[in-house]
Amino acid sequence: MTTPTDRPATSADWLRRDAAAVWHPFTQHATWTDDTPTVVDRAEGPWLIDVDGRRYLDGVSSLWTTTLGHGHPDVNAAITAQLARLDHSTFLGTTHTPGIELSEALIALAPRGRGPDLTKVFYAGDGSSAVEAALKIAYQYSTQTGHPRPTFVRLDQAYHGDTLGAVAVGGHELFHRAYRPLLLDTIGVASPGSRDHAPRERAALAAAELTAAMRDHGDQVCAIIVEPMIQGAAGMLDYDADYLRLARDLADAHGALLIFDEVATGFGRTGSMWAADHAGIVPDLLTCGKGITGGYLPLSAVLAAEHVYDAFLTRPGDTAPRTFFHGHTYTANPLCCAAALANLRVMAEQDVIGQAARLGDRLGKLLEPLAALDGVTEIRRLGTMTGVEVTPRGERTGFRVCQAARDRGVWLRPLGDTIVIMPPLTLGDDETDLLVNALAEALDEVLA
Ligand SMILES: *Cc1c(COP(=O)(O)O)cnc(C)c1O
């Protein structure tokens, strides 16, 4: 017989303990438990399972990371094997085999096209810390190749992470406003993805602003930083590849570096390995994270062009060290590197990029009828990065749509009033149908 003291703990029990002890990211705790958040206990493939045994389709890949689904046997085995061999060893002063192998693999996969080859890999732990490293590299590069260029060109509505440097090059009003007094000076230009204007006008306006910013301030700009092809956290604002070609030209003309932040877009998310591939443009620095380990462990990296790396090498007659004095305690943790290597192996063996491209096309077709619904403003998509923007109907409309989807077995997290759909790249047809049907019903319920 079960008594109240020895029955298994339920979601409600765990949520009481959570509320007493935990401070969650991007979360308003005054109302947190009112929404009865899901207490995730297990996961398999595309499914999350809560402590009460309820199953939810992981419709946003556990915040854009889980590209292969949960519990992939190859990734699990690679992590376990690495754990038995070497758990951690520092990358400051020693090196290790998974770190070397992963660097080689990333360089082999780096985007090709107009721009330099990316030939060196610098590791960090999260997307933000990769961006932070890239910003410091770009500034120090300017001091070691010409003259100090203390500013960056950044796009309106950009999101590059939450550390202060990353926030300084961000342009997300809601997330970034509060910290403005703490930030570096940067030059904001119009987003080519802004929905304030029709497609042709927004492209022309953004191109004109970028050109003017570089004309007026180019010799003070160490780098232009963009999320290539699509601004994720802004609500999946996709834009034309021509903008990236222009950014490459302007960076070159003014001696600035070009940084592509592919933390969200890398590793097949947009239907090709990199968003850069859609434009055929290669940046001088490329940041990646999120899907790099298939979503299993935290890891990020900066891929750097040889000419950037070279500027950090000591030469005869130097009066100051050229060293990049930057790194984190867990830089290139071997378990994370092993997970990433396994992920890249599975991606190659199972043509995960091809699967992602097909899944994206299928999602696009299935979502098409929803675009006509009253209250759906626009559906935007590149590969499997999808945003369904709704017209607000009262408070937290996007969130209420996601709650209604959760009632139907699909877990989603919105960006304001944009519902994000970003499933594992290997999602099957049945689960894709379930996802879109749940969303359709949820939209009906909330927008009716
Ligand atoms: C998520 C994201 C980041 C931040 O990555 P974290 O791992 O959350 O620090 C940076 N840039 C882009 C484009 C992102 O989508």
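Observations
- Test: residue in segment 251-263 that is assigned to a loop (DSSP other than H, G, I, E, B), open to solvent by 10 Å² or more (accessible area, probe 1.4 Å), within 15 Å of the ligand (Cβ to nearest atom) and small (Gly, Ala, Ser): no
- Among the residues making up segment 178-214, those that are within 24 Å of residue 165 (Cβ to Cβ) and in a helix (DSSP H, G or I) are 178, 179, 180, 181, 182, 206, 209, 210, 213, 214.
- Test result for residue 233, open to solvent by less than 70 Å² (accessible area, probe 1.4 Å), more than 16 Å from the ligand (Cβ to nearest atom) and either in contact (Cβ under 8 Å) with a residue 24 or more places away in the chain or closer than 29 Å to residue 389 by Cα (or both): no
- Set 287, 319: member being of a type outside the set (A, V, I, L, M, F, W, C) and assigned to a loop (DSSP other than H, G, I, E, B): 319
- Every residue from segment 164-176 that is open to solvent by 60 Å² or more (accessible area, probe 1.4 Å) and within 16 Å of the ligand (Cβ to nearest atom): 164, 174
- Matching option when the condition is away from the ligand (no atom under 12 Å from the Cβ) and either farther than 22 Å from residue 143 by Cβ or β-branched (Val, Ile, Thr) (or both), among 180, 269: 180
- Pairs where the first residue, in segment 263-286, is without any contact (Cβ under 8 Å) to a residue 60 or more places away in the chain and the second is open to solvent by 10 Å² or more (accessible area, probe 1.4 Å) and in a loop (DSSP other than H, G, I, E, B), C-beta under 9 Å, 6+ apart: 266/273
- Residue 160 vs. criteria assigned to a loop (DSSP other than H, G, I, E, B), within 13 Å of the ligand (Cβ to nearest atom) and assigned by TED's automatic domain parsing to the domain that holds residue 311: yes
- Verdict on residue 327 being within 14 Å of the ligand (Cβ to nearest atom), part of a loop (DSSP other than H, G, I, E, B) and of a type outside the set (Asp, Glu): no
- The set of residues in segment 132-150 being farther than 24 Å from residue 300 by Cβ and buried (at least 20 other Cβ atoms within 10 Å of the Cβ) consists of 149 alone.
- Count of residues meeting criterion [buried (at least 20 other Cβ atoms within 10 Å of the Cβ) and not aliphatic (A, V, I, L, M)] in segment 383-396: 5
- Residue count, segment 380-415 (criterion: at pLDDT below 95 and either under 28 Å from residue 267 (Cβ atoms) or within 21 Å of the chain's Cα centre (by Cα) (or both)): 0
- For segment 50-131, the helices (runs of 4 or more DSSP H) that sit wholly inside it and include 2 or more residues that are exposed (fewer than 15 other Cβ atoms within 10 Å of the Cβ) are 73-85, 97-109.
- Flag if residue 240 is buried (at least 17 other Cβ atoms within 10 Å of the Cβ), in a loop (DSSP other than H, G, I, E, B), assigned by TED's automatic domain parsing to the domain that holds residue 310 and acidic (Asp, Glu): yes
- Checked against (1) surrounded by fewer than 16 Cβ atoms within 10 Å (Cβ to Cβ); (2) touching a Cys at 6+ places or on another chain (Cβ under 7 Å); (3) of a type in the set (Lys, Arg), residue 413 passes all but a single condition, namely (1).
- For residue 183: the one exception among (1) farther than 30 Å from residue 99 by Cβ; (2) in contact with a strand residue (DSSP E or B) (Cβ under 7 Å, 6 or more places away or on another chain): (2)
- Any hit, segment 193-201, residues being in contact with a strand residue (DSSP E or B) (Cβ under 6 Å, 6 or more places away or on another chain) and either within 14 Å of the ligand (Cβ to nearest atom) or open to solvent by 10 Å² or more (accessible area, probe 1.4 Å) (or both): yes
- Checklist (1) without any contact (Cβ under 8 Å) to a residue 40 or more places away in the chain; (2) surrounded by 15 or more Cβ atoms within 10 Å (Cβ to Cβ) applied to residue 179, failing item: (2)
- Residue tally, condition aliphatic (A, V, I, L, M), part of a loop (DSSP other than H, G, I, E, B) and touching a residue at least 24 places away in the same chain (Cβ under 8 Å), over segment 293-316: 3
The values are calculated or read from the model by the stated rules, or taken from the named source; none is laboratory data. Fair warning: this is a prediction, and the values are worked out from it, not measured in the lab. As a convention, Cβ positions derive from the backbone with ideal geometry for all residues, glycine included, and neighbour counts pool all protein chains shown. Only protein heavy atoms, including side chains, enter the accessible area calculation; ligands, DNA and RNA are left aside. Shrake-Rupley method; radii C 1.70, N 1.55, O 1.52, S 1.80 Å.
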